[in-house]
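The values are calculated or read from the model by the stated rules, or taken from the named source; none is laboratory data. Predicted model, so just to flag it, every value in this text is computed and none were measured. Heads up, the Cβs are rebuilt from the backbone with ideal geometry, glycines too, and the neighbour counts pull from every protein chain shown.
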Amino acid sequence: MNSGIDLQGTFVQSLSDFGISTELAKILWMPFPMLLMLIGATVGVLVNVWLERKISAAVQQRIGPEFAGPLGVLQPVADGLKLVFKEDILPAKADPFLFTMGPILVVMPVFLSYLIVPFGQNLVITNINTGIFLWIALSSIVPIGLLMAGYASNNKYSLIGGLRAAAQSISYEIPLALSVLAIVLMSNSLSTIDIVEQQSGYGILSWNVWRQPIGFVIFWISALAECERLPFDLPEAEEELVAGYQTEYSGMKFALFYVGSYVNLVLSALMVAILYLGGWSSPIPIELLSNLAGVDPTSSWLQVVGASLGIAMTILKAYFLVFLAILTRWTVPRVRIDQLLNLGWKFLLPIALANLLITAALKLAFPTAFGG
Amino acid sequence: MLKFLKQVVDYTKETANAAKYIGQGLAVTFDHMQRRPVTVQYPYEKLIPSERFRGRIHFEFDKCISCEVCVRVCPINLPVVDYEFDKASKKKKLNSYSIDFGVCIFCGNCVEYCPTNCLSMTEEYELATFDRHELNYDSVALGRLPTKVTDDPMVTALRTLAYLPKGVMEPHDLPAGSQRANSNK
Amino acid sequence: MQIAEGVQLVTFAILSILLVGAALGVVLFANIVYSAFLLGGVFISMAGIYILLNADFVSAAQILVYVGAVNVLILFAIMLVNKREDFKPLKNGWIRQGSTAVVCGGLFALLSAVSIVTPWSISTVSPLASSVVPIAKHFFTDFLLPFELASILLLMSMVGAIILARRDFLPDNLGATSTQDSLTLPERPRELAGK
């Protein structure tokens, strides 16, 4: 599994064969993965919106979007186009600069976090050492944007929504980081690639979810809270706060919030897939299959198949988790703000700490099973 | 120490219970996902109103004897009965009659008390207009024959739950000719 | 290495301009909310400069701790206590501002002169591939005492915050009977602290 497809290497190699310097070739390569990721994330949002509407409809025994395209797949595109052409309203006495900066600050870190999402051995934009830590750090910028939007809107609901959002993401970041830390402890690295590599040994049996069941649950709950998904969507609780920090927004600025929240959901699902469900590795290791079929593991077509399978696996796992989030949305009612903070500080935080300590102890006791 | 341990055990039990209930809830929602949608796609499909449906009021001009009972029993005295006394025949002669459906609450008292049965309820319920004054129906508008959902070729008429055969929960895809409960149509 | 160096230089220039501009904004803006938001900008530009210095872990920690926690808490405090108050312009305010500017400018000149004159010894050691492990080793060997002291300090402040937050105020109808001159709310005597 160490080789895999190295598109960048091939690209740089072929360009330097044309007499272009290696550095320039590397710079020329850089926009491709970034653009691909940007497009991928945006398309992911469209798919997500469609899934959300269709699954929500199915859960409530409705039909959902039906007339825009086959099965209504073009509905999110139509929604997006509508938002693009909508009037951009600036409320009276609002702060125009902060009002514009708010949604930008919310969206940027989320898209930046896609830098570290791996879809295969070499299918990642940057394999940096801080990997997963960068994601946690970047996601901590988001509350500033929310506060900014809430403050600049000159609306009491917006301000309360912004404050709630910030309080919520600060308090749930800690259990999130602690459960990630337990994983990092087991894989001896912060890099997402290493974390996936470490659980790719025995297919589905070596996934982290078996070794970290508590961490998995804590991570998923905290991730839902970070994304402001329904059991924890207090910042936009429409019965109390109209729409929270989004109340005064319309048109493209609102679309940024909307896109940001869905990208964040997909990102969190991808992170769960990477940290706990073995990332791009398939439930039955592909090496095993190729050995059984007697195929040369270094043959190029097998590598192409493996890479496509890896991408498909990652996305499949992520969308399974998205499905779970949507199902949760229609199952669990919204919690109150004090219940939310109690759950975060009095339940998840101590359990995450205990989980971390137990993981450390198990690692010392059974170094082979828990990453020596 | 024992008390503390009991607390810990209780807390753990509560947590496990909460997790169990959430799991059961998820199972319920998941089960609902596989059921057929109950959606009636309105402009293309319409439910057949029941016989006692209180829709737009129908009025027959010639039957009316201008007794004004409808006005008396109306909670807000809504019907406007314009008549004059014809000395030759010693009878009231009706000039015009109108009901404003923007104000009517469709209680059906007028229909109930009308001595000559010149008022009746129809199954028409699509009364939306762009101007509320258009809802003020005069005797001509009130005398129009009501449209029926089952007669409209553009519309798939669906039965409501009470009129479905026994055991059938769902009005789509019924055998042809079973649109009305008591008719062969 | 021409391109890489050029990119580094340009990035450094952009980051420094951002950093200095944001820092000046923090000091000069009359609106305290702007200052707080710009403080976040200062922290983020500093994280960028850390990345330029090959300290990726430190920069991520900078964002997490300073932007994600400290700055958000500052904003929280400002927004929860945001009292609209019209400040009267001081009569000879420009004297104060001018003297402050002179002092700050002098300090800046002094420091920049020092940093230009000093013959800095530039490290020739190639940057570490991963800075996480050395940092951890330092934390648990020669920097253990300061590390633990900092954590105890944080614990103390946390306990203090909890004690401040959990004060039990007497309800209004009870407090009305006692005549109090000060503006503070009547506080219920705490059992733990009293005995």
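I'm trying to understand the selection: among the residues of the range A:22-51, which are over 26 Å from A:VAL322 (Cβ atoms) and either in a helix (DSSP H, G or I) or of a type in the set (Phe, Trp, Tyr) (or both)?
Taking the range A:22-51 as the starting set, the residues that turn out to be over 26 Å from A:VAL322 (Cβ atoms) are A:22-32.
A:THR22, A:GLU23, A:LEU24, A:ALA25, A:LYS26, A:ILE27, A:LEU28, A:TRP29, A:PRO31, A:PHE32 - these are the residues of the range A:22-51 that are over 26 Å from A:VAL322 (Cβ atoms) and either in a helix (DSSP H, G or I) or of a type in the set (Phe, Trp, Tyr) (or both).
Which pairs have Cβ atoms under 7 Å, sit 6 or more apart or on different chains, and link a residue in the range A:46-67 that is within 13 Å of chain B (Cβ to nearest Cβ) to one that is surrounded by fewer than 19 Cβ atoms within 10 Å (Cβ to Cβ) and among the basic types (Lys, Arg)?
Cβ pairs passing all conditions: A:GLN61/B:ARG35; A:GLY64/A:ARG53; A:PRO65/A:ARG53.
Just the residues that are under 30 Å from B:VAL80 (Cβ atoms) and under 10 Å from the mean Cα position of the chain (by Cα), please, taken from the range B:41-55. Even if it seems obvious, please write down each step before you answer.
Initial filter on the range B:41-55 (under 30 Å from B:VAL80 (Cβ atoms)): B:49-55.
Result: B:PRO49, B:SER50, B:ARG52, B:PHE53, B:ARG54, B:GLY55.
Given (1) buried (at least 23 other Cβ atoms within 10 Å of the Cβ); (2) over 20 Å from the mean Cα position of the chain (by Cα), identify the lone condition not met by A:THR192.
Of the numbered conditions (1) buried (at least 23 other Cβ atoms within 10 Å of the Cβ); (2) over 20 Å from the mean Cα position of the chain (by Cα), the odd one out for A:THR192 is (2).
From the list C:LEU154, C:LEU144, exactly one residue is within 14 Å of chain A (Cβ to nearest Cβ) and within 23 Å of A:PHE133 (Cα to Cα). Which is it? Quick ask: steps written out before the conclusion?
Working: C:LEU144 fails: within 14 Å of chain A (Cβ to nearest Cβ).
Selected residue: C:LEU154, the only one of C:LEU154, C:LEU144 that is within 14 Å of chain A (Cβ to nearest Cβ) and within 23 Å of A:PHE133 (Cα to Cα).
Of all the residues that make up the range C:77-130, how many are under 30 Å from A:ASN129 (Cβ atoms), of a type in the set (A, V, I, L, M) and exposed (fewer than 10 other Cβ atoms within 10 Å of the Cβ)?
Total meeting the criteria: 3.
So that you can scan it fast, the table gives a plain yes or no per residue for (1) within 17 Å of A:LEU147 (Cβ to Cβ); (2) away from every other protein chain (no Cβ under 11 Å); (3) part of a loop (DSSP other than H, G, I, E, B):
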site	(1), (2), (3)
C:VAL33	yes, no, no
C:SER59	no, no, no
C:GLN62	no, no, no
C:TYR66	yes, no, no
C:PHE76	yes, no, no
C:PHE87	no, yes, yes
C:VAL102	no, yes, no
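Taking the range A:52-62, which residues are of a type outside the set (S, T, N, Q) and either surrounded by fewer than 17 Cβ atoms within 10 Å (Cβ to Cβ) or on the phi > 0 side of the Ramachandran plot (or both)?
Of all residues in the range A:52-62, those of a type outside the set (S, T, N, Q) come to A:52-55, A:57-59, A:62.
Listed by number, the list holds a single entry, A:ARG62.
For A:ILE193, state whether it is in contact with a Pro (Cβ under 9 Å, 6 or more places away or on another chain) and under 21 Å from B:THR15 (Cβ atoms).
It is false that A:ILE193 is in contact with a Pro (Cβ under 9 Å, 6 or more places away or on another chain) and under 21 Å from B:THR15 (Cβ atoms).
Assess whether A:SER153 counts as being more than 9 Å from chain C (Cβ to nearest Cβ), hydroxyl-bearing (Ser, Thr, Tyr), crowded, with 24+ Cβ neighbours inside 10 Å and over 21 Å from A:ALA223 (Cβ atoms). Reasoning before the result, please.
Details: more than 9 Å from chain C (Cβ to nearest Cβ): yes; hydroxyl-bearing (Ser, Thr, Tyr): yes; crowded, with 24+ Cβ neighbours inside 10 Å: yes; over 21 Å from A:ALA223 (Cβ atoms): yes.
Yes.
Inside the range A:111-124, can you point out the residues that are within 15 Å of the chain's Cα centre (by Cα) and under 18 Å from A:GLU197 (Cβ atoms)? Before you say what the answer is, go through the steps one by one.
Step one: list which residues in the range A:111-124 are within 15 Å of the chain's Cα centre (by Cα), which gives A:111-119, A:124.
Correct list: A:ILE116, A:VAL117, A:PRO118, A:PHE119, A:VAL124.
When the range B:82-115 is examined, which residues are found to be among the polar types (S, T, N, Q) and within 25 Å of the chain's Cα centre (by Cα)?
If the condition is that a residue be among the polar types (S, T, N, Q) and within 25 Å of the chain's Cα centre (by Cα), then B:SER98, B:ASN109 are the ones that fit.
Condition test on C:PRO127, is it within 14 Å of chain A (Cβ to nearest Cβ), more than 29 Å from A:TRP345 (Cα to Cα), modelled with pLDDT under 85 and not in a loop (DSSP other than H, G, I, E, B)?
no
One residue is enough: does the range A:93-107 have a residue meeting the conditions more than 23 Å from A:PHE257 (Cα to Cα) and assigned to a loop (DSSP other than H, G, I, E, B)?
First, the residues of the range A:93-107 that are more than 23 Å from A:PHE257 (Cα to Cα): none.
No; the residues of the range A:93-107 include none that is more than 23 Å from A:PHE257 (Cα to Cα) and assigned to a loop (DSSP other than H, G, I, E, B).
Just for the range A:95-106: of the residues that are under 26 Å from the mean Cα position of the chain (by Cα) and not aliphatic (A, V, I, L, M), which one is farthest from the other protein chains (Cβ to nearest Cβ)?
The qualifying residue farthest from the other protein chains (Cβ to nearest Cβ) is A:PRO103.
If we keep just the residues of the range B:32-79 that are within 14 Å of another protein chain (Cβ to nearest Cβ) and either in contact with a Gly (Cβ under 6 Å, 6 or more places away or on another chain) or outside any loop (DSSP other than H, G, I, E, B) (or both), which is farthest from B:CYS114 (Cα to Cα)?
Selected residue: B:MET33.
Just to be sure before I move on: is B:LEU2 aliphatic (A, V, I, L, M), surrounded by fewer than 11 Cβ atoms within 10 Å (Cβ to Cβ), without any contact (Cβ under 8 Å) to a residue 40 or more places away in the chain and away from chain A (no Cβ under 14 Å) in the structure I sent?
Here the answer is yes, as B:LEU2 does meet what is asked.
Might you check whether a residue that is crowded, with 24+ Cβ neighbours inside 10 Å and without any contact (Cβ under 8 Å) to a residue 24 or more places away in the chain occurs anywhere in the range A:120-128?
no
Checking A:TRP135 against (1) under 22 Å from C:ASP56 (Cα atoms); (2) in contact with a Ser or Thr (Cβ under 7 Å, 6 or more places away or on another chain); (3) part of a loop (DSSP other than H, G, I, E, B), which test does it fail?
Going through (1) under 22 Å from C:ASP56 (Cα atoms); (2) in contact with a Ser or Thr (Cβ under 7 Å, 6 or more places away or on another chain); (3) part of a loop (DSSP other than H, G, I, E, B) one by one, A:TRP135 breaks only (3).
Can you find a residue in the range A:78-94 that is more than 14 Å from chain C (Cβ to nearest Cβ) and either among the hydroxyl-bearing types (Ser, Thr, Tyr) or within 22 Å of the chain's Cα centre (by Cα) (or both)?
Applying the first criterion (more than 14 Å from chain C (Cβ to nearest Cβ)) to the range A:78-94 yields A:78-92.
Retained after the next criterion (residues that are either among the hydroxyl-bearing types (Ser, Thr, Tyr) or within 22 Å of the chain's Cα centre (by Cα) (or both)): A:80.
Yes, the conditions are met somewhere in the range A:78-94.
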